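The values are calculated or read from the model by the stated rules, or taken from the named source; none is laboratory data. Since the model is a prediction, treat every value here as computed from it, not as a measurement. When we count neighbours, we look across all protein chains shown, and the Cβ atoms used for this are built from the backbone with ideal geometry, even at glycine. Only protein heavy atoms, including side chains, enter the accessible area calculation; ligands, DNA and RNA are left aside. Shrake-Rupley method; radii C 1.70, N 1.55, O 1.52, S 1.80 Å.
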Amino acid sequence: MAEADGATAPPRPSPDPDDVTWIEPPRCPECGASVRVYPTNYDRWVSLAMVELPAKDVPAAFRWRLTRVPDRSPVPTDILAVRVRGIDPLPSEPVAPAHHMMCVPE
Ligand SMILES: [Zn+2]
């Protein structure tokens, strides 16, 4: 299932507390574009586009939604990427497209 969803991104490296250098935002190894890498709800990681798009502009296969992890401290890093499944979102509803949708390898 993870392969079909494109959730094949490697996990983010753990930050080194001794490393004070600026951490670059992750980049797609295929095209070099900036991406947002989030854990999914099934222990895989997915690269999402930096911007959200209306659902009508994103094929169903690439629709993701970011959600807070329930029952944990509400720190901003506790975000999960969850595939939008089942009932179609409203056409104007913003979804987070998988970066794969717009990836153009050089
Ligand atoms: Zn790419």
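Condition check ((1) under 16 Å from Ala7 (Cα atoms); (2) open to solvent by less than 80 Å² (accessible area, probe 1.4 Å); (3) within 16 Å of the ligand (Cβ to nearest atom)) across all residues:
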| site | (1), (2), (3) |
| --- | --- |
| Val35 | yes, yes, yes |
| Leu66 | yes, yes, no |
| Ile79 | yes, yes, no |
| Arg85 | yes, no, no |
| Asp88 | no, no, no |
| Val104 | no, no, yes |
What tally of residues in the stretch 37-53 results from selecting those that are farther than 10 Å from Thr8 by Cα, within 14 Å of the ligand (Cβ to nearest atom) and open to solvent by less than 60 Å² (accessible area, probe 1.4 Å)? 3
